[in-house]
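Below: the structure, in C-alpha cells.
The values are calculated or read from the model by the stated rules, or taken from the named source; none is laboratory data. Predicted model, so just to flag it, every value in this text is computed and none were measured. Neighbour counts are summed over all protein chains in view; Cβ atoms, including those assigned to glycine, are modelled from backbone coordinates with ideal geometry. Side chains are part of the model used for accessible areas, which takes the heavy atoms of the whole protein and leaves out ligands, DNA and RNA. Shrake-Rupley method; radii C 1.70, N 1.55, O 1.52, S 1.80 Å.
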Amino acid sequence: MSNIIFDFDGTLADSLPMAMDLFYKWSKRVPYSPIEVEKMRNMTLKQVLNQVGIPLWRVPSLLVNGRAELGRHIHGIPLFMNIDNILKELQQRGHTMVVMSSNSPQNIHKFLKHHTIDQYFDGVHGNTGLFSKTNALKAILRKYKWQAIDTLAIGDEARDIDAAKKAGITSIAVGWGYNGEQILRAHKPDFFVSKPSELLKLLQ
C-alpha cells in the first residue's frame, strides 16, 4: 500500500483528554469515572451522544465550537508516542501520506508544524462531517488519482473503519485513540494495532 490516509484526533493527536475537559466545561457535568469513560470508548458516536444526552441536532454547532476551542489550545495537545519517527520511516519507505479529519485544516496545520511533522504529509483535508467520511475518502482518491487498492486508511474510531470499507480502502484500526479495542474489532477492520510501533511492522 503506497498511499496512506491518516485520521487526526486520536490517531496522531492525543486530544481525547482535552475534548473531555471541554465537554465537562460546557455541560457542567461531574467528570466520569475511568470505568465510565472506558465504557463509552467502546460505544459508537451516536451511542455516546445518547449516553451523555446530546441530541444530534446540536452536533454541528458543538463541532464548530469544539474546533475553535481546540485551536486555542492546539499547542497543548501532545503527539502520540513515537509517531514522529514512524512517519519519518514511512516517508523514507516511499509512502505518500495525507491527513483527513473532522477537525479544521487550520488546527491540523498548527499541530503538524508545532510537532515538526508537517513535512511528512502531502495534504491536509479537514472539516469532514462526522458522519460523511466515506465521501471524503472517495474525494481524496479522486484528487490524487489514487487507486483504492493501493490506499489504506488509519483511524481510531469505528466510523473510520466503516467509511474505509464503503470506500473500498484497506483499514487499520489503532487502539490508542477515542474508541476501544472491543468496538474496533467488532467493526472488523482489515488490521488492528494496539501501539504505534506495530504500524511499522505491519507495513513492512
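Brief remarks follow.
- Note on the stretch 1-105: semi-axes of the ellipsoid equivalent to its C-alpha gyration tensor, largest first and rounded to whole Å, are 29, 15, 14.
- Using R0 = 25 Å, the C-beta based FRET efficiency linking V30 and S194 works out to 0.25.
- Under 23 Å of direct C-alpha separation, and excluding same-chain neighbours fewer than eight residues apart, K28 reaches these lysines: K39, K46.
- A straight Cα-to-Cα reach below 18 Å connects K88 with the lysines K113, K195, K201, residues fewer than 8 places away in its own chain not being considered.
- Here each label is just a point 7 Å from Cα along the line to Cβ, and for A148 and Q47 those points are 2.6 nm apart.
- Label-zone membership for the stretch 157-177, site L56, 7 angstrom Cα→C-beta point, backbone N under 16 Å: 159
- Share of carbon and sulfur in the accessible heavy-atom surface of the chain [1.4 Å probe, %]: 53
- Annotation: amide H-H contacts under 5 Å for V124 (H modelled 1.01 Å from N, sequence separation of 5 or more, or interchain): V99.
- Expressed as a fraction of 2.2 N^0.38 Å, the value expected for a compact globular protein of N residues, the C-alpha radius of gyration of the chain is 0.97.
- Hits among lysines - C-alpha to C-alpha of K138 under 17 Å, sequence gap 8 or more where chains match: K165, K166
- Mean ellipticity per residue at 222 nm, deg cm²/dmol - from DSSP H runs of n ≥ 4 across the chain, formula -39500 (n - 2.57): -13500 deg cm²/dmol
- Simple spin-label estimate for L202 and A139 in nanometres, 7 Å along Cα-Cβ: 2.6
- Using the 1.4 Å probe convention, the accessible area of the chain works out to 51 Å² per residue with neighbouring protein chains retained.
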